[in-house]
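These notes are about the structure you will find just below.
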Amino acid sequence: MNTPTAYFEGLARWKPLEIVFWLVLVGLFFVPGVNLPLLSQIIIWGLFAMSLDLLLGYRGILTMGHAAFFGIGAYTAGYLGKFGWTEPISALFLAAAIAAAVGLLAGRLVRSLGGIALLMVTLGLNLILYDFVLRSTELTGGDDGLQGVVIGQVLGMFKFDLYGKTAYLYSLAVAFLMFLIARALVKSSFGLALLGARENIPRMIMLGAPVGKDVSAAFAIAAAMAGVAGALLTQTIQSVSPDALSFQRSADVLVILILGGTARLYGGFVGAFVFLFLRDWLAQLNPVYWYFWIGLLLVVVVAFFRKGIVPSLGVLFTRMQKKRGTDERTPNRAAL
Amino acid sequence: MHGCGRSILAHSALQIKGLSAGYGAARVLHGIDLTVERGETMVVIGRNGVGKTTLVETICGLTSHHAGEIIVHGTRVEALPAYKRNRLGVGWVPQEREVFKSLTVDENIRIVGRAGAWTPAKIYALFPRLAERRRNYGSQLSGGEQQMLAIARSLATNPTLLLLDEPVEGLAPLIVQELVRVINQMRSEGSLALVLVEQKHEIALANSDRCVVIDHGEIVHRSASRDLLADAETLERLIGVAA
């Protein structure tokens with residue numbers, strides 16, 4: 001019989017597994033011979049997928065155009081670096097702000113849509129932007145992307161090095177901060193309202209909650225985080241190409257999130273880990289046909305672990321706990 | 001929330017004048033007049049398909065309004081969207097219950113809770129059964145528990161006018177008893193106006209102050225609930241069920 005604040009505080013309590021998760025990511029840095037550039041990619045994809053999770057997992061908005069926001073962030077960071085604004089952290093803020101503004105507009109445009117219509121409109125917006133970037137060769141460098149992107153030192157101290165040490169720690173720190181924000185959001189009353197609208201929009205309206213505004217807000221927040229992920233990519237590889245906002249990227253991030261599991265926040269990171277490691281490994285085995293195996297993996301995961309990796313592990317974990325007789329009866333959504 | 005602190009006391013909880021409404025062009029209700037005072041419980045009875053549910057849905061803003069006025073605590077609401085009516089104090093517990101199945105009992109109650117007398121603690125005191133099951137998901141509840149949760153969730157928005165559409169429909173006698181207790185406890189609060197649509201007219205009449213009987217979209221009878229309950233002849237004529 002606790003107060004509302006106590007309830008949300010209870011939700012926000014960190015589970016041991018969560019702490020382990022982030023400690024492992026830090027620990028990987030110290031493993032000798034580890035592929036840091038790949039790990040940086042994983043973190044960036046994970047952050048990108050987490051931003052999609054806010055829309056898809058928590059609000060039930062199926063968008064096929066999420067790469068548009070990633071691309072906006074990537075190009076913002078690219079232009080800044082090209083035209084002399086080399087300080088990376090302020091560039092992240094700017095990338096987030098511009099992506100959020102576009103996200104807010106996109107959210108307003110699609111908030112009364114659902115299902116297939118929403119899918120088509122978001123896909124359409126993504127394609128329009130991609131085509132625009134590809135064609136405006138003078139402005140964007142077209143297919144070649146932006147040339148001469150210069151990124152300064154992080155905090156004026158850490159230079160982006162050849163081994164990707166700075167890139168990894170920088171990406172991890174930024175992703176963790178974004179994760180903290182997302183985590184606070186989904187465990188607040190705003191997050192609860194998103195879940196309610198995901199399930200039953202008319203009912204939320206009848207409970208006095210107009211649900212249009214939260215779509216715009218969710219889009220803006222998700223877009224800002226996707227924009228940060230895009231900017232991180234530009235900064236860590238010091239270049240940007242139209243790939244950043246291709247439809248393929250929108251599809252890949254959806255695959256990553258569904259592999260990892262929706263409405264968990266961690267799903268995106270776990271999905272990115274599996275997806276990118278496999279892609280890396282498969283591409284070494286056979287550089288042409290690796291999508292076959294990714295496709296097969298997707299079919300297997302969705303067929304046998306319907307809800308994705310993290311939720312399936314969560315269920316397994318709860319069962320093991322029950323067997324041990326520690327039936328806590330906590331909602332397994334909160335478990336991890 | 002909408003600065004109606006003083007006006008709540010000065011006006012009836014609900015006033016309906018010459019209301020006609022339906023679905024699209026089809027008119028179901030014809031010239032309904034009724035008033036529900038603060039703290040009063042009014043029961044709406046009638047045969048199947050005479051417009052009882054349409055009446056509560058019209059008050060909530062879910063039907064097509066054709067003519068007439070709906071006044072909630074002195075504010076005309078017939079042109080307002082549903083969510084604004086809710087914020088003016090209109091709570092609605094639909095027949096279908098529609099609890100959020102993927103949320104826990106606790107989350108269902110807190111999801112759109114608004115400040116007021118009905119805090120989660122007070123709601124749990126009213127529904128001890130929900131307090132026991134607060135960590136269970138909506139999908140894990142029995143029909144009766146879902147009904148309780150639907151009422152609890154609506155109470156958490158601190159309505160001043162609560163519309164209950166067939167709350168005891170299809171529930172076991174023990175659960176019906178429990179819900180009747182809840183309804184009477186809400187009545188004893190003194191400030192909440194209740195509108196109860198019910199097929200089980202005996203239970204409804206025994207636990208309300210006044211009643212209206214609807215037939216073919218019109219009010220054909222209004223009286224104190226007690227009087228109609230005692231008048232088996234009129235009841236038989238109006239509802240058409242053998243005593």
- Starting with the highest mean, order A:193-206, A:59-72 by the number of other Cβ atoms within 10 Å, averaged over the residues of each peptide. A:59-72, A:193-206
- Message: Using a 7 Å offset from the Cα along the Cα-to-Cβ direction at both A:Met157 and A:Phe292, what is the distance between the two label points in nm, to one decimal?
- Response: 5.0 nm
- Query: Taking 0.36 nm per intervening residue step and subtracting the Cα-Cα distance, what contour gain separates A:Ser312 from A:Val26 on full extension?
  - Reply: 100.5 nm
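For segment B:75-132, just run the numbers: alpha carbon Rg, then divide by 2.2 N^0.38 Å, N being how many residues it has.
Working: Rg = 13.5 Å, N = 58, 2.2 N^0.38 = 10.3 Å.
For segment B:75-132, the normalised Cα radius of gyration comes out at 1.32.
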- Message: For Cα pairs less than 8 Å apart in space and 6+ apart in sequence, what is the mean separation divided by the residue count of segment A:27-173, i.e. the relative contact order in percent?
- Response: 34 percent
- Query: If we sort A:36-47, A:133-144 on the protection proxy, mean other Cβ atoms within 10 Å, highest first, what's the order?
  - Reply: A:36-47, A:133-144
- For B:57-64, what's the mean count of beta carbons from other chains sitting within 10 Å of each residue's beta carbon? 1
- Query: Long-range amide H contacts for B:Ser20: which residues qualify at under 5 Å (H placed 1.01 Å from N, peptide plane, sequence gap of 5 or more or a different chain)?
  - Reply: B:Gly31, B:Ile32, B:His66, B:Ala67, B:Gly68
- Task: Quick one: go through segment A:76-113 and flag any residue whose amide nitrogen is under 12 Å from the point 7 Å out along the Cα-to-Cβ line of A:Val150.
- Result: A:81-87
- Query: In whole Hz, what ³J(HN,Hα) sequence does segment B:39-54 give by Karplus (6.51, -1.76, 1.60; θ = phi - 60°), x for Gly and Pro?
  - Reply: x, 9, 10, 10, 10, 10, 10, x, 5, 5, x, 9, x, 5, 5, 4
- Message: Averaged across B:93-100, how many Cβ atoms of other chains sit within 10 Å of each residue's Cβ atom?
- Response: 3
- So what is the relative contact order of chain A, in percent, for Cα pairs below 8 Å that sit 6 or more residues apart? 31 percent
- So the angle from the long Cα axis of helix A:115-135 to the longest Cα principal axis of chain A, reported in degrees to the nearest 10, equals 10 degrees
- Note on the structure: In Å³ per residue, the alpha-carbon convex hull of segment B:160-243 encloses 107 Å³
- Taking only the alpha-carbon atoms of segment B:5-239, the convex hull volume per residue, in cubic angstrom, is 116 Å³
- Starting from the alpha-carbon convex hull of segment A:4-334, give the projected area averaged over all orientations, in nm². 18.5 nm²
- Computed magnitude of the charge dipole of chain B (debye, nearest 20; Cβ of K, R +1, Cβ of D, E -1): 900 debye
- Volume of the Cα convex hull of the protein assembly as shown, divided per residue and given in Å³: 183 Å³
- Query: What is the set of long-range amide H partners of A:Met64 at a cut-off below 5 Å, with H atoms built 1.01 Å from backbone N?
  - Reply: A:Thr122, A:Leu123
- Item | Relative packing of peptides A:211-217, A:298-304 - highest average C-beta neighbours within 10 Å first | A:211-217, A:298-304
- Keeping to pairs on different chains or 8 or more places apart, tell me how many lysine pairs in segment A:4-334 have Cα atoms under 23 Å apart. 10
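Counting only DSSP beta bridges with both residues in the protein assembly as shown, tell me the antiparallel percent, nearest 5.
Restricted to the protein assembly as shown, the bridges split so that about 60 percent are antiparallel.
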- Query: For helix A:309-323, what angle does its Cα long axis make with the longest principal axis of chain A, in degrees from 0 to 90 and rounded to 10?
  - Reply: 30 degrees
- Give a residue-ordered list of calculated ³J(HN,Hα) values for segment B:160-172 (Karplus: 6.51 cos²θ - 1.76 cosθ + 1.60, θ = phi - 60°; whole Hz; x for Gly, Pro). 9, 9, 10, 9, 10, 9, 6, x, 9, 4, x, 9, 5
- Message: Counting just the Cα atoms, what span does segment A:85-146 cover along each of its three principal axes? Round to the nearest Å and put the largest first.
- Response: 41, 27, 12
- For B:Lys17, which aspartates and glutamates qualify as cross-link partners when the Cα separation must be under 14 Å and same-chain residues fewer than eight apart are set aside? B:Asp33, B:Glu69, B:Glu78, B:Glu218
- Query: Tell me, what HN-Hα J-couplings in whole Hz come from the Karplus equation 6.51 cos²θ - 1.76 cosθ + 1.60 at θ = phi - 60° for each residue of segment A:137-151, using x for Gly and Pro?
  - Reply: 4, 5, 7, 10, x, x, 5, 6, x, 7, 9, x, 7, 10, 10
- If amide H atoms are modeled at 1.01 Å from N in the peptide plane, then the residues at a separation of 5 or more from B:Leu192, or on another chain, having amide H under 5 Å from its own are B:Gly39
- Task: Would you work out which of B:Gln95, B:Val105, B:Ala79 lies farthest towards the positive end of the dipole of segment B:5-239, given +1 charges on the beta-carbon of Lys and Arg and -1 on that of Asp and Glu, about the Cα centre?
- Result: B:Val105
- Message: Using a 10 Å cut-off around each Cβ of peptide B:74-87, what is the average number of partner chain Cβ atoms that fall inside?
- Response: 2
- Taking the alpha-carbon centre of each part, the distance from segment A:33-64 to segment B:120-197 in Å is 42 Å
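Bear in mind these aren't lab numbers, they're just calculated from the coordinates by the rules spelled out. Given the structure is predicted, the values throughout are model-derived calculations rather than measurements. Cβ atoms come from the backbone with ideal geometry, glycine included; neighbour counts cover every protein chain shown.
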